[in-house]
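Asks: Below is the structure I would like to discuss, written out as structure tokens.
The values are calculated or read from the model by the stated rules, or taken from the named source; none is laboratory data. A quick note: this is a predicted structure, and the numbers were derived from the prediction, not measured. Glycine also receives a Cβ, built like all others from the backbone with ideal geometry; neighbour counts cover every protein chain displayed.
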Amino acid sequence: MELTPELSTFTVLVIGFLLGLQHAVEADHLAAISTIVSEKKSLFTASIIGGLWGLGHTISLFVVGIFVIFLKLQISETIEAKLEAIVGGMLVLLGLNALRKLFSSRKVHVHTHEHGTCEHVHIHAHEDDASEPSHHRFSPRSIIIGMIHGLAGSAALMLLVVPTIPTPALALLYILVFGVGSIGGMMAMSLLIGLPTYLTANRFAFLNTTIRFCAGVFSLGLGSYIIYEKLLQG
């Protein structure tokens, strides 16, 4: 059966939306957003942070998409590697910052308990309410991080699809739909990432500390690997 123009357009947009959803669950995206979400104690805040990341991601994609569509811009492998290395550096900074915030808390302390011949060490970290008076406030950090991600890595691969779309209007619409998918996917993932932090924030201090520590280490480790792979090894 021959596809009608309407069906072809619908198919392109559905593919763009699904690719946007899939794009949100890539490891470097989750590493970046987890360092921010793990600091929050509200599921609403966590999901909004993911949405802001997706918004920034879409903004940079749309701008680059205009250059690709109308000026026939080509993203070389060298430029792509450098952009990905920048993402790696950003992940390293986010990881270090998350660990700094965790261990610079005024209320980090260690308890040692003895149960017969067994000795247990418990690490506790409580946020200083005076230092972070409102964890519901939103900063532009998530948007900026999303914009950097939008310039690098698989975003460039997504733009390889754009020149194959027959009309500029449909190509721009494809990028917007892709962006909507990435916004929705990242909001959902941020909500899932924020759930353990929310459940452990006030009742299980050790688990909450462990989650935040793992988020920082994951971001630091992945960022270091990306830098090594894209700059040193390449």
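Asks: Pick from GLU127, GLU114, GLU84: which is modelled with pLDDT under 80 and out of contact with any Ser or Thr (no Cβ under 8 Å at 6 or more places or on another chain)?
Replies: On the way: GLU127 fails: out of contact with any Ser or Thr (no Cβ under 8 Å at 6 or more places or on another chain); GLU84 fails: modelled with pLDDT under 80.
Of GLU127, GLU114, GLU84, the one residue that is modelled with pLDDT under 80 and out of contact with any Ser or Thr (no Cβ under 8 Å at 6 or more places or on another chain) is GLU114.
Asks: Also: Out of the residues in segment 185-203 that are within 18 Å of LEU19 (Cα to Cα) and hydrophobic (A, V, I, L, M, F, W, C), which is nearest to the chain's Cα centre (by Cα)?
Replies: Here the answer is MET186.
Asks: In the list GLU80, GLU39, which residue meets the criterion of being charged (D, E, K, R), crowded, with 18+ Cβ neighbours inside 10 Å, under 19 Å from the mean Cα position of the chain (by Cα) and not in a helix (DSSP H, G or I)? Quick ask: steps written out before the conclusion?
Replies: Working: GLU80 fails: not in a helix (DSSP H, G or I).
GLU39 is the lone residue from the list that is charged (D, E, K, R), crowded, with 18+ Cβ neighbours inside 10 Å, under 19 Å from the mean Cα position of the chain (by Cα) and not in a helix (DSSP H, G or I).
Asks: Out of curiosity, is ASN208 at pLDDT below 90, out of contact with any His (no Cβ under 6 Å at 6 or more places or on another chain) and not in a helix (DSSP H, G or I)?
Replies: Working: at pLDDT below 90: yes; out of contact with any His (no Cβ under 6 Å at 6 or more places or on another chain): yes; not in a helix (DSSP H, G or I): no.
No; evaluated as a whole, the condition is false for this residue.
Asks: Give the number of residues within segment 60-90 that are closer than 27 Å to PRO168 by Cβ and either touching a residue at least 24 places away in the same chain (Cβ under 8 Å) or among the aromatic types (Phe, Trp, Tyr) (or both).
Replies: 14
Asks: Right, next: Can you find a residue that is in a loop (DSSP other than H, G, I, E, B) and either surrounded by 21 or more Cβ atoms within 10 Å (Cβ to Cβ) or at pLDDT below 90 (or both) anywhere in segment 13-23?
Replies: Our first condition is that a residue be in a loop (DSSP other than H, G, I, E, B); within segment 13-23, this holds for none.
Among the residues of segment 13-23, not one is in a loop (DSSP other than H, G, I, E, B) and either surrounded by 21 or more Cβ atoms within 10 Å (Cβ to Cβ) or at pLDDT below 90 (or both), which makes the answer no.
Asks: Another question, then. Taking segment 42-57 as the search range and keeping residues that are in contact with a Leu (Cβ under 8 Å, 6 or more places away or on another chain) and surrounded by fewer than 24 Cβ atoms within 10 Å (Cβ to Cβ), which one is nearest to MET186 (Cα to Cα)?
Replies: Restricting attention to segment 42-57, the residues satisfying the condition of being in contact with a Leu (Cβ under 8 Å, 6 or more places away or on another chain) are 43, 46-47, 50.
Narrowing further to those that are surrounded by fewer than 24 Cβ atoms within 10 Å (Cβ to Cβ): 43, 47.
Values: LEU43: 13, SER47: 8 Å.
Going through the qualifying residues, I end up with SER47.
Asks: Which count do you get for residues in segment 211-234 that are touching a Pro at 6+ places or on another chain (Cβ under 8 Å) and not in a helix (DSSP H, G or I)? Break it down stepwise before answering.
Replies: The initial filter retains those residues of segment 211-234 that are touching a Pro at 6+ places or on another chain (Cβ under 8 Å), namely 211.
Cutting the leftovers down to not in a helix (DSSP H, G or I) gives us none.
Counting residues in segment 211-234 that are touching a Pro at 6+ places or on another chain (Cβ under 8 Å) and not in a helix (DSSP H, G or I) gives 0.
Asks: Let me ask you something else. State which residue is surrounded by the fewest Cβ atoms within 10 Å (Cβ to Cβ) when the search covers only segment 64-77 and only residues that are aliphatic (A, V, I, L, M) and part of a helix (DSSP H, G or I). Don't jump to the end; show me each part of the working.
Replies: Within segment 64-77, the subset aliphatic (A, V, I, L, M) is 64, 66, 68-69, 71, 73, 75.
Within this subset, residues satisfying the condition of being part of a helix (DSSP H, G or I) are 64, 66, 68-69.
Working: VAL64: 20, ILE66: 15, VAL68: 20, ILE69: 19.
Top of the filtered list is ILE66.
Asks: Right, next: Kindly indicate the residue of segment 130-182 that is of a type in the set (S, T, N, Q) and surrounded by fewer than 17 Cβ atoms within 10 Å (Cβ to Cβ) and also modelled with the highest pLDDT among those meeting that condition.
Replies: Looking only at segment 130-182, we keep the residues that are of a type in the set (S, T, N, Q), and these are 131, 134, 139, 142, 154, 164, 167, 182.
Okay, now just the ones that are also surrounded by fewer than 17 Cβ atoms within 10 Å (Cβ to Cβ), so 131, 134, 139, 154, 164, 167.
Values: SER131: 40, SER134: 42, SER139: 65, SER154: 56, THR164: 78, THR167: 86.
Across segment 130-182, the extreme among qualifying residues is THR167.
Asks: Looking only at segment 189-205, count every residue that is surrounded by 14 or more Cβ atoms within 10 Å (Cβ to Cβ) and touching a residue at least 24 places away in the same chain (Cβ under 8 Å) and tell me the total.
Replies: The first filter runs over segment 189-205 and keeps only residues surrounded by 14 or more Cβ atoms within 10 Å (Cβ to Cβ), leaving 189-194, 196-201, 205.
Subsequent filtering for residues that are touching a residue at least 24 places away in the same chain (Cβ under 8 Å) retains 189-191, 193-194, 197-198, 201, 205.
Of the residues in that region, 9 qualify.
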